Amino acid sequence: MTALIKVVRGKRTIAQCDERCYEARIVGEGCDCVCCGHLHGLGAVQAGNELISIQPEVTAHAKQTYGDNVKVVFNIMAYQPKLPLFE
């Protein structure tokens, strides 16, 4: 599973937003994922595109929930369109 957001303490991932969230079929249900529900059901590409705009809120939420000693990692390159190397 590709995690778009991970909350890490030391070397251990303690929370993440992965395919269970951003590929969810039932969009209206509440989401208790680390993305605060922003990526729930969007699909991989659109969720990847939304990462930059939600960084401040998600980081603040993660630090409030898990403590200031966590690192929040955003996998921004996970679903970016692949561009040709040569034309």
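Derivation of every value follows stated rules applied to the coordinates shown; laboratory data play no part. A quick note: this is a predicted structure, and the numbers were derived from the prediction, not measured. Note that we place each Cβ from the backbone using ideal geometry, even for glycine, and neighbour counts take in every protein chain shown.
What the table below lists for this structure:
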| item | result |
| --- | --- |
| Environment charge at residue 38 (Cβ cut-off 9 Å; Lys +1, Arg +1, Asp -1, Glu -1) | -2 |
| Taking 6, 11 and counting other C-beta atoms within 10 Å, the order from fewest to most | 11, 6 |
| Net +/- balance of residues flanking residue 12 in space, Cβ distance below 12 Å, scoring K and R +1, D and E -1 | +4 |
| Assigned charges on the beta-carbon of Lys, Arg, Asp, Glu; the range 5-74 dipole about Cα centre (debye) | 400 |
| Among 10, 34, 65 - extreme Cα towards positive end, dipole of the range 5-74, charges at beta-carbon | 10 |
| Ordering of 39-46, 54-61 by burial proxy (mean other Cβ atoms within 10 Å per residue, highest first) | 39-46, 54-61 |
| HN-Hα J in Hz across the range 68-75 - Karplus 6.51, -1.76, 1.60, θ = phi - 60°, x for Gly and Pro | 6, 8, 9, 10, 9, 10, 10, 8 |
| Around residue 69: net Lys/Arg minus Asp/Glu count, Cβ-Cβ under 10 Å | +2 |
